[in-house]
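Each reported figure results from applying straightforward, stated rules to the coordinates on display, with no laboratory input. All values derive from a computational prediction rather than experimental measurement. For neighbour counting, all protein chains shown are included, and Cβ atoms are generated from backbone atoms with ideal geometry for every residue, glycine included.
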Amino acid sequence: MDAERELLVVEDDDAFARTLVRSFERRGWRVLRAAGREAARELLRQHSPGYAVVDLKLANGDSGLACVQALHEHDPQMVIVVLTGYASIATAVEAIKLGARHYLAKPANTDDIEAAFARAEGDTEVELTERQTNIKTLEWERIHETLAETGFNISETARRLGMHRRTLARKLEKQRVK
């Protein structure tokens, strides 16, 4: 099969990955699945998918950003979409700089992902918000920026932010303030 309908899904959550794979297969895609960066590299030795969906936070401290970088280095034309339940401006910017085309917050469905694959250009008509950023949102974004810098190492992130590891863990368990 050509790269036009071949997709690599890099996701460590088995249930979510199975659902995503089945959904894309029903739409006529050939789907490869890897649980992390090294498994993705192994698949790339034999396959050349044109598309990839990468989870931002992978198991064992593996960073989706490092995976995006590796996929982009392997094939700069690959269309990569990052999915995350830990959305922040800092990680979105880094994902785009490293080669991702789009960055979607979970829950995202197959329609959202396919729409992101199809959009090659930015949207100048996107609505600008009138709301000012509050301190909790700034704190959340700073935490996630530091997490990305440390490869999602909680202990190192806490050290850099000058807070106790348990305090950081509690903050990460809370829902994002809107």
Query - Relative contact order (%) - criterion: Cα under 8 Å, at least six apart; region: the chain - result: 17
Query raised in the report: When the chain is treated as a GNM, springs tying every alpha-carbon pair under 10 Å, which of G85, G162, G50 comes out with the largest mean-square fluctuation?
Result: G162
Report summary line: For the Q77, L138 Cβ pair and Förster radius 45 Å, calculated FRET efficiency rounded to 0.05 is 0.80
Requested in this report: In a Gaussian network model over the chain where Cα atoms closer than 10 Å are linked, find which of T19, T157, T146 has the largest mean-square fluctuation.
Outcome: T19
Query raised in the report: With each pseudo-label sitting 7 Å past Cα toward Cβ, what's the R159-K106 distance in nm, one decimal?
Result: 2.8
Query - Proximal charge balance of A70 [Cβ under 9 Å; K/R count +1, D/E count -1] - result: +1
Query raised in the report: With the chain treated as a Gaussian network of Cα nodes joined by springs under 10 Å, which of L161, L104, L20 yields the largest mean-square fluctuation?
Result: L161
**Report entry** Residue-span extension gain [H47 to T167] - 0.36 nm each, minus C-alpha spacing
**Finding:** 38.9 nm
Report task. Show the residues, 5+ positions off or on another chain, whose built amide H is closer than 5 Å to the amide H of A34. Result -> V9, V10, E11
Query raised in the report: Given labels modelled 7 Å from the Cα in the Cβ direction, how far is it in nm from R26 to V93?
Result: 3.9
Query - Sparse-neighbour loop sites [trypsin sites (Lys or Arg not before Pro); the stretch 1-45; at most 15 other C-beta within 10 Å; DSSP] - result: R27, R45
Query raised in the report: What is the ratio of the Cα radius of gyration of the chain to 2.2 N^0.38 Å, where N is its residue count, to two decimals?
Result: 1.06
